[in-house]
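Read the structure below first, then the notes.
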Amino acid sequence: MQVRIKKLRQKKRHAAPGARPGTLVIPDISKRPLLRVIRYDALRVDEFELKSPAEIKALLADPTKVIWISVCGLGDETTLREIGELFKIHPLALEDVVHTPQRPKMEEYTDHLFIVSRMVTLRGNDDMEAEQLSIFLGRNFVLTFQENSADCLDPVRERIRRAGGMHRRAGADYLCYSILDAVVDNYFPVLEIYGEYLETLEVRTVTVPTREALAEIHIAKRELLDLRRVLWPQRDMFNQLIRLESSLVSPPVKVFLRDCHDHSVQVMDMVETYREITSGLHDVYLSSIGNRTNEIMKVLTIISTIFIPLSFVAGVYGMNFNTEKSPWNMPELNWYFGYPLVLGVMGGVAGLLLVYFWRRGWLFG
């Protein structure tokens, strides 16, 4: 199983140096915005799509209903600016919406809050994809911007559809909390899959420490570092929301936001643990390579040690001194069974060395 976190290290989109503040840079590959609306109160839920941003003004006229407007796609500057004018979004905030990825943060404006978060979702083949989720919280509305229509917010939509739930009785601040809570909670199953991947990688590193395994270790270290860079400011963002003195976030909702903060700390702890495991995998790889090298050197040393005395005997009997000149000149060359005897001596020496190595535990474990 291979796990990859995509789009965490994507190139940041920004305006040209010296451009006017609030300039929007939209790539050609960006999808056209799709405006989906969920409007509800304690008695009724309405879901529909808008054809143009001009229809939003009529929706905001009824302050008794909570409105969630989800903008999926950032590929039309005209549509985005019309939405910004309707909700009185500051040009710099709208610039942060388009120029992804931004650092998770919270900014307070006159009549709304601007929150930037990063959500991670699972795709096919166990790939993880991270994208920016921009949230604007007002008196009775929540406005979200995201690049793709796929997200991890379906559980929130399902809870809104169910009658009698807390969502239907609460305000827009509780809806904003629910969205952030879904984003944070979705990190847990994603990181569990990543933990299983690290366990598999650890087994491969111990048993078969290949260069491919080393490359995956380095990729995992980089990806976990990217996750840490996302989660650290996100935790601070929740801390800001908890301490915020604003009428847009009620005290009961701050209690729920504290739970989000706790979950973000837990996610951060998981990432830190995985980073330590990945750093340990690098040491395990080096140890495994060292052990394999030692085993190979041991076998080669044993073979060399066995052949040293055999080479000595063969070298001595390969000198071929003339026995007719002197009786001391290797009389063994004239023995009838000299050749078999020498082979037997060489085999006996090799056998004794093998027994000695085996008794010392140097051979066969």
Item to check | Selection status of residue 333, in contact (Cβ under 8 Å) with a residue 12 or more places away in the chain, more than 30 Å from residue 201 (Cα to Cα), open to solvent by less than 80 Å² (accessible area, probe 1.4 Å) and out of contact with any helix residue (DSSP H, G or I) (no Cβ under 8 Å at 6 or more places or on another chain) | outcome: yes
Scanning the range 303-332 residue by residue, those of a type in the set (A, V, I, L, M, F, W, C) and either out of contact with any Phe, Trp or Tyr (no Cβ under 8 Å at 6 or more places or on another chain) or at pLDDT 80 or above (or both) turn out to be 303, 306, 307, 308, 310, 312, 313, 314, 316, 319, 321, 328
Sole miss for residue 36 among (1) at pLDDT 90 or above; (2) within 28 Å of the chain's Cα centre (by Cα) is condition (2)
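Answer yes or no as to whether residue 185 is at pLDDT 90 or above and either farther than 20 Å from residue 130 by Cα or open to solvent by 20 Å² or more (accessible area, probe 1.4 Å) (or both).
Values: at pLDDT 90 or above: yes; either farther than 20 Å from residue 130 by Cα or open to solvent by 20 Å² or more (accessible area, probe 1.4 Å) (or both): yes.
So residue 185 passes the test.
Let's see how each residue does on (1) in contact with a His (Cβ under 8 Å, 6 or more places away or on another chain); (2) open to solvent by less than 20 Å² (accessible area, probe 1.4 Å); (3) farther than 14 Å from residue 70 by Cβ:
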{"residue": "97", "(1), (2), (3)": "no, yes, no"}
{"residue": "107", "(1), (2), (3)": "no, no, yes"}
{"residue": "118", "(1), (2), (3)": "no, yes, yes"}
{"residue": "164", "(1), (2), (3)": "no, no, yes"}
{"residue": "168", "(1), (2), (3)": "no, yes, yes"}
{"residue": "173", "(1), (2), (3)": "no, no, yes"}
{"residue": "176", "(1), (2), (3)": "no, yes, no"}
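Residue-wise test of (1) at pLDDT below 90; (2) in a loop (DSSP other than H, G, I, E, B).
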position: 54; (1), (2): yes, no
position: 64; (1), (2): yes, yes
position: 67; (1), (2): no, no
position: 70; (1), (2): no, no
position: 80; (1), (2): no, no
position: 83; (1), (2): no, no
position: 88; (1), (2): no, yes
position: 93; (1), (2): no, no
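Residue check: is residue 139 exposed (fewer than 15 other Cβ atoms within 10 Å of the Cβ), in contact with a helix residue (DSSP H, G or I) (Cβ under 9 Å, 6 or more places away or on another chain) and not in a helix (DSSP H, G or I)? Before the answer, list the steps.
Values: exposed (fewer than 15 other Cβ atoms within 10 Å of the Cβ): yes; in contact with a helix residue (DSSP H, G or I) (Cβ under 9 Å, 6 or more places away or on another chain): yes; not in a helix (DSSP H, G or I): yes.
Spelling it out, residue 139 is indeed exposed (fewer than 15 other Cβ atoms within 10 Å of the Cβ), in contact with a helix residue (DSSP H, G or I) (Cβ under 9 Å, 6 or more places away or on another chain) and not in a helix (DSSP H, G or I).
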All conditions in (1) touching a Ser or Thr at 6+ places or on another chain (Cβ under 8 Å); (2) of a type in the set (A, V, I, L, M, F, W, C); (3) open to solvent by 40 Å² or more (accessible area, probe 1.4 Å) are true of residue 299 except (1)
When restricted to 196, 245, the only residue among the acidic types (Asp, Glu), part of a helix (DSSP H, G or I) and surrounded by fewer than 21 Cβ atoms within 10 Å (Cβ to Cβ) is 196
Of the listed residues (267, 253, 271, 313), the one being without any contact (Cβ under 8 Å) to a residue 40 or more places away in the chain and in contact with a helix residue (DSSP H, G or I) (Cβ under 7 Å, 6 or more places away or on another chain) is 313
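Is it fair to say residue 273 is surrounded by 14 or more Cβ atoms within 10 Å (Cβ to Cβ), among the polar types (S, T, N, Q) and over 25 Å from residue 141 (Cα atoms)? Talk me through it step by step, then tell me what you get.
Values: surrounded by 14 or more Cβ atoms within 10 Å (Cβ to Cβ): yes; among the polar types (S, T, N, Q): yes; over 25 Å from residue 141 (Cα atoms): yes.
Against the criterion (surrounded by 14 or more Cβ atoms within 10 Å (Cβ to Cβ), among the polar types (S, T, N, Q) and over 25 Å from residue 141 (Cα atoms)), residue 273 qualifies.
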In the set 284, 206, 255, the lone residue that is in a helix (DSSP H, G or I), open to solvent by 80 Å² or more (accessible area, probe 1.4 Å) and over 27 Å from residue 121 (Cβ atoms) is 206
Within the range 62-78, restricting to residues that are among the β-branched types (Val, Ile, Thr) and crowded, with 18+ Cβ neighbours inside 10 Å, the one that is nearest to residue 41 (Cα to Cα) is 66
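Just to be sure before I move on: is residue 139 touching a strand residue (DSSP E or B) at 6+ places or on another chain (Cβ under 8 Å) and charged (D, E, K, R) in the structure I sent? Write out each step before concluding.
Working: touching a strand residue (DSSP E or B) at 6+ places or on another chain (Cβ under 8 Å): no; charged (D, E, K, R): yes.
Spelling it out, it is not the case that residue 139 is touching a strand residue (DSSP E or B) at 6+ places or on another chain (Cβ under 8 Å) and charged (D, E, K, R).
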**Prompt:** Got at least one residue in the range 281-299 being basic (Lys, Arg) and either modelled with pLDDT of 85 or more or within 30 Å of residue 175 (Cα to Cα) (or both)?
**Reply:** no
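The values are calculated or read from the model by the stated rules, or taken from the named source; none is laboratory data. Fair warning: this is a prediction, and the values are worked out from it, not measured in the lab. Methodologically, a virtual Cβ is constructed for each residue, glycine included, from the backbone with ideal geometry; neighbour enumeration extends over all protein chains shown. For the accessible areas, the whole protein counts, side chains as well, though only heavy atoms, and no ligand, DNA or RNA atoms are used. Shrake-Rupley method; radii C 1.70, N 1.55, O 1.52, S 1.80 Å.
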